[in-house]
Each structure stands twice: as C-alpha cells, then as structure tokens.
1. How would THR193, THR533 rank on accessible area, largest to smallest, probe 1.4 Å?
2. What accessible area per residue comes out for the stretch 122-175, rounded to a whole number of Å², with a 1.4 Å probe?
3. Label-point separation (nm) for MET405 and SER235, each offset 7 Å from Cα along Cα-to-Cβ?
4. I need the shape label for the stretch 152-303. Rule: rounded when a/c is under 1.5, else prolate if a/b > b/c, else oblate, with a, b, c from the alpha carbon gyration tensor.
5. Which distance in nm do the two modelled labels at ASP392 and ARG261 give, with both placed 7 Å along the Cα-to-Cβ direction?
6. Take the solvent-accessible surface of the protein heavy atoms, probe 1.4 Å, and return the percent of it on the stretch 144-224 that carbon and sulfur atoms account for.
7. Gain in length, VAL351 to ILE68, computed as 0.36 nm per residue apart minus the alpha-carbon separation, to one decimal in nm?
8. For the stretch 349-405, what is the convex hull (Cα atoms) projected area averaged across all directions, in square nanometres?
Amino acid sequence: MATADTAVAAAEAKPGVLEQLRANPRLPLIVGVAIAVTLLVAMAMWSMGPSYGVLFSNLNDRDGGEIIAKLEQMQVPYEFAGNGNTIMVPTDMIDRTRLTLAGEGLPNGGGVGFELMDNQSFGISQFAEHVNYKRALEGELARSIESMDAVAKARVHLAIPESSVFVREREKPSASIVLDLYRGRALGDGQVTAIVNLVASSVTNLPTEGVTVVDGSGKLLSNNAATAGNATDGSQLEYVDRIERSYRERIESILAPIVGRDNIRARVVADVDFSSNEQTEELYAPNGDPAQAAIRSEQRSATRSNGGPGTGGVPGALSNQPSPEIDSPINNKTTTTTGNNNAEGAKGSTVSNATINYEVNRTIRHTREQSGQVERLSAAVVVNYPMQANADGEMQPMPLAEEQMNQIKSLVREAMGFSVARGDSLEVINMPFTDQPDTVVEPGIPWWQDRQLIAMVETAVKYLLLAIAAWIVWRRLIKPLLDQVPRAPVRLADAKAEAGAVAEDSDEGNEDLRAAIEAGRGKRRQQDALLTTTREAAKNDPKLVAAIIKSWMHSNA
C-alpha cells in the first residue's frame, strides 16, 4: 500500500514548465536565433530608412518653434541636432520643405521686416514711427544679406541722422554690418563690395565709404577708408589683371599659328593710373573786329543850347571850329557838336553822348579725366627653339633666324599697340624650353562637399555595418549554440536504408553487414515488444509505473 501511495505522489509531482524549458537543449539556440533575427531586422530597417539632412541651422527659439509647428502640420518627420538649433528632415524632402516654409516667411532670422509697418497704432509719435522704420529697414537688409550662400546670419545697424533745412548742417548716414559665416566658408573681396553697395543703395544719401563690414571674429572685411583711390583695392587689382590678360592673349593668339601655342610664353605688365582729375577753365577772347562784334546794349543822348556868347579866341580858321570826334568801337562813345545857327541869326551849341556795350567772347570748359588709364606697357615674350633638321638630317631644337625674330617682334609690337610716346618696352627672345607645357587644371568641388559622394558613402557604411553585425551575431552567438546542441542518434531505419543502398551499389555482398542488419532487426523487434508490454501495463496499473520511475530516480541519485 505504501508503495502505491509513493508512486501516486511521484506521478503527481510533475516537473514545471520552466524546468522543462531549461532541460531542453535547443532553448539557447532558439533564443540566440531570435536575438540575431531581431538585430538583423533592426539594422536593415535603419539602413533602409530615410537619411536626414540639414533643413535649417543656427535657429533661435522663436524661429525653431514656428518651424516645428509647421512641420508637424505638414506631417514631415524631423530630428534635432547641434544642441537643438539645427533641424534635420529627410534628404528627399529638403528642397520642397524649404520652399514651403519660405512661402510662409520662415525663418525670419529673429528680426522683423516691413511687416512691422502693417500694424501701426493710431496716434503713434513721429519718433516711434522713425524707430519702427529703421528697424524694418535693418531687418530687410539682414534678410537680403543672409540669402548669400556663405552667410549664416547677419545683423545690420543703421545710423540715420535727423534731416536739417540747413545744407551745412546735414550729416550723411552710416551703417555697420556683422556677418556670421558658415564654418569653412569665406567671402571674397567682390562679395564684400557687393554687400557694401547693396546697403548703400538701400539707404538714402548713404555713401559706400560709410558702410563697415566685419565678421563674427571681429575681422574687418571692408576697408573703404584705405582703399578709396588706392591701387590696393581688390577691384582695381582685378581690373589691372584683366588688362594684362587681354594683351597677353592678343600676343599668344597672333603667334600661335606660327610657332605653336605651347612654344610661347608671354607676360605683360600694365602701369595703370587710377587717379581721378577734374578741371574747369574759363577763357576770354580778345577784342576783335568792331564790325563783327555783337552789341549787348547801346545808350545815346544829345543836348542843344541856343544863345550865349559867340565864338571867341585867337582869330583864325582853327579856333573858329569845334573839336573833332574820337570814336572807340568798344569803350563808351561820346559825341559833342558845337556850331552857329546862322539861319536863325542866333548863336547855339549841341552836345551828343553815346554808350555802346559789346558782348565779350567767353569759353567755359569742364574736363574730367577717367581713372584707369594705361600709362605704360611692358611685355616680355619667350619663343621656344623649333625642331629642325641639322646637317646630319636629325631633328633637334635649333634657334630661329634673325629675320624670323624681327618679324615676330614686329607682330608683337602691332598686337600690343606699342607706343613710343607712352614709353612702352618690349623684349622678345628665343630660348629653349626645359619644362613641360602648362596644363590648365579646372578647379573642382572638394570631395567633402560633393553631395552625391557623401550619399554613396553613407549607403556603403550602412550596408557594411549591417554585414559586420550579421557576421558578429553568427560568429559569437549562433555558431557556438549550434556546436553545443547534441547530435540526434542515428535511427535504425536510416541505418538500414543506408546499408541497403550500400549493398545494392556493391557488386560483392558483405555477409557481416547482412548479419548486422538481421541482428538489428531482431533487436528492434524485441524493443517494440517490450514497448508494447510497457504501454499495456501503464494503462492497466499506472501506480506501478510511477513507483518504478521513482525507484529509478532514487537509484540514479
């Protein structure tokens, strides 16, 4: 009876699910495969996911909040970078998103433009209106400057003095600009000059000399005071270089068909005068022919008197006649006539005055000399030795004849417009070249700025990381688990089939193999019979089976 109770208790004490899982040798393999599949799927989703690019950077809190709200409304995925002041979106949506946000006026750079003037309150003072206008103008100029590729952020400060009715007391406005450039970017002299002219043209009476441009590090980009009228200005140097290049191309183009373009080296130095002169002359012509002179004004007067004493003086013909008239074509003309009125029998005199003003010939000439005039040219030309046959018939470089050099020199003089009065100089020599012809290398985009190359590298890195992760999972996780799994025993049926196949393929039978097969068949029959008997006993008396299993467990322990 005790034995039956013990068997029943052993049968009721079945192992738990956790113990069964622990006893299963394939459990680590299943868990490892599940983890590996999860990692591979995660890596594949990450590599196949959209790559993000910079939409806007260096944003302030106000612009960032407005842009995020708009992106959520547009259902555009985004990410943050750079301490939260940089917004990134999928690369295939950058252009369309920027255009959409630009239509909404975003980002506004933290400043205000002329939209500040839309909501002017009624009764605002003139001072407040002037301040709002200046703020709006500064914001608009900052937006225009920030539209350049190299400029990340710009601040514009305008100093606009109050207008005065007195001309002597009027002051010209001035402006200062602070630029924050992107990392690795720089502005050329032409771009700085463009910014200066842009601001000067947007503010009334603002000269270009009154605009100062500095970068974020405090470096002065504009130097108007030093470059005004100075040859060190970038635009003036560029102008001189353009003149020299033009003369050099003329010389090379006219000599290239004769000796070849690779056999010429020409350099031209131009002395350019950038001084600007103005001259005003006023010339007066001397008095000319009175008959051709133009009368400006004329005034005549005559006075006549009757009676009075008669003509007296020393007797004679000369004393009884009036003084003769003396005329001047230019100066005032006065005529005095004195005579006797014998017809009426009374004495009298007549005085006549005439004032004539003539036009004076005057010439006013205003001459303004244009700056950038070429004062002197200096040219140096080197011609390579041509390949000619020597006395032995071999081709080798040989100098040109003196007559050919004189012809080349004459062509160069005409091509450059040689002027003796200007003091030009020219040297043409014939020497062998030792270096190779110059090769013009076109500047290309740096590899770190090539978007296509960067995208290809990102894709390659993603797939490489995916392959490395898969190899690590296989090498460190799956393969060790597969090695730890015990191999299943060879089934007798499989061995029989394999032995039968071997026996059929072999021409000579193996008696030992056949005996082993027959012995295996008999053993299998005994095992099947024992298994059938055990099943029947377990069905009829399960308590006995439990007791037997319990005794086996105690004996193994």
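The values are calculated or read from the model by the stated rules, or taken from the named source; none is laboratory data. Bear in mind that the values here come from a model prediction, so they are computed numbers and not experimental data. Ideal geometry is used to build each Cβ from the backbone, glycine not excepted, and the neighbour counts take in all protein chains shown. With ligands, DNA and RNA removed, areas are computed over all heavy atoms of the protein, side chains included. Shrake-Rupley method; radii C 1.70, N 1.55, O 1.52, S 1.80 Å.
1. Sorted by accessible area, descending: THR533, THR193.
2. Per residue, the stretch 122-175 has 72 Å² of solvent-accessible surface.
3. Rounded to a tenth, the inter-label distance reads 4.5 nm.
4. Oblate, since a/c reaches 1.5 and b/c is not below a/b.
5. Distance between label points: 3.5 nm.
6. Taking all protein chains in place, the stretch 144-224 shows 46 percent carbon and sulfur surface.
7. Between VAL351 and ILE68, full extension yields an extra 91.3 nm.
8. 11.2
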